[in-house]
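Here is the structure we will look at.
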Amino acid sequence: MSNQLDQYRGVWTLAEVRQGKIHPVSFELLAWGQSLAQKLGVELASVVLGSGVGDQVDQLIAHGADKVYLADDPALLDFGVEPQAGILTDLIKQHKPEVLLGSATTTGRTLLPVLAITLTTGLTADCTGLDIDLTERLLIQTRPAIGGNVMATIKTPTGRPQMATVRPKSKRPLAADPARSGEVIKVELGPEQLASRVKRLEFTPEETVGAPLQDAEVIVACGKGLKDVKNLKLVTELTEILGGSLGATRKAIDLGWLSYSHQIGLSGKTVSPKLYLGCGVSGAVQHLAGITSAEKIAAINSDPEAAIFQVADLGVVGDLFQALPLLVERLKQNTEGSAS
């Protein structure tokens, strides 16, 4: 088995294509991959599966890829797990990378489990940390476990490639270097690789207040301290004034105040805004795991012992229903003053 594993070399990332564009999460994966590739002393490659994206692959090279495997065909315009899994399986068997990284998005969470079964290898989902054990040349995969109360360290000693999905916004992309050079390898596809038993009927985008949470620079989040859905208008108004996006804890979602697309935390989305403001958020460890990449964290809570204050850069201990109207009024005054 050891001799077979020695044939595998290289770190690969799975670039994501959405609506004909390479998504920024692809560049985050390259930031993870470059660190691993440097420690292993191997090349970093990215795989692109899509339609009409050939003129965008230079972006991947600029963000750290040494090679780009490009599978470009009209049949790959929309995501389909069967053709994409088949193409990736063939590529992996041919080129034998030792590590394959995907994002913990709908695409990564759908595609990589199929690859793990097909290739008889391991997969660790929703990682928050990756490293290399140089003694054994193994990928160290770290992820929250038992509801976020412990951090599990996982290795894949007998399967290849070693596979993991990492949470979006858990690492910032490297600065693009347009002067970087790399190799683009076009993948020849046959009809059998593009066949699928699934037909896409339509696409319905999720409805959110503001930009999607993973793309937002300002997030206002509500927790159970909001007490009633009728009070949601307080944080919604504040969100709109700040030009931000509305987030929520799992408790607020479970109470039916907002849809799942607003949920932040272990069972929701990981975010990386410039400003996160928690309103009535106590700071359960599961929620805090989703906001650790925020540049600045502010919180309003009536409980001075709330866990959110342990990570907050600015904390306001007070009645949410007094503080929010005052904050909204002051922001409106500032906005009106600036306009005049």
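The values are calculated or read from the model by the stated rules, or taken from the named source; none is laboratory data. Quantities reported herein were computed from a predicted structural model and do not represent experimental measurements. All Cβ positions, even for glycine, are placed from backbone atoms using ideal geometry, and neighbour counts span all protein chains on display.
Values computed for the structure shown
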read-out	value
Filtered residue count, region 259-279, keeping only those that are surrounded by 20 or more Cβ atoms within 10 Å (Cβ to Cβ), more than 14 Å from the chain's Cα centre (by Cα) and modelled with pLDDT under 95	1
Long-range neighbours under 7 Å by Cβ, at least six apart or interchain, first residue in the same structural domain as Pro157 (by TED's automatic domain parsing) and polar (S, T, N, Q) within region 133-144, second at pLDDT below 90 and outside any strand (DSSP E or B)	Thr142/Thr128
Pairs, first at positive phi in region 3-24, second at pLDDT 95 or above and assigned to a loop (DSSP other than H, G, I, E, B), C-beta under 6 Å, six or more apart	Gly10/Val42; Gly10/Glu43; Gly10/Pro97
Conditions (1) closer than 21 Å to Gly265 by Cβ; (2) within 26 Å of the chain's Cα centre (by Cα): number failed by Glu202	(1)
Scan of region 199-229 for residues that are out of contact with any strand residue (DSSP E or B) (no Cβ under 9 Å at 6 or more places or on another chain), assigned by TED's automatic domain parsing to the domain that holds Asp319 and surrounded by 10 or more Cβ atoms within 10 Å (Cβ to Cβ), ordered by number	Lys224, Lys227, Val229
Among (1) out of contact with any strand residue (DSSP E or B) (no Cβ under 7 Å at 6 or more places or on another chain); (2) surrounded by 16 or more Cβ atoms within 10 Å (Cβ to Cβ); (3) not in a helix (DSSP H, G or I) - the single one Gln7 does not satisfy	(2)
Elements of type strands (runs of 3 or more DSSP E) contained in region 70-182, each with 1 or more residues being polar (S, T, N, Q)	99-103, 123-127, 138-145, 150-154, 162-166
Test set (1) closer than 24 Å to Ala176 by Cα; (2) in a loop (DSSP other than H, G, I, E, B); (3) charged (D, E, K, R) - Asp58 fails condition number	(2)
Selection count, region 280-297, where residues are farther than 16 Å from Ser170 by Cα and touching a Gly at 6+ places or on another chain (Cβ under 7 Å)	4
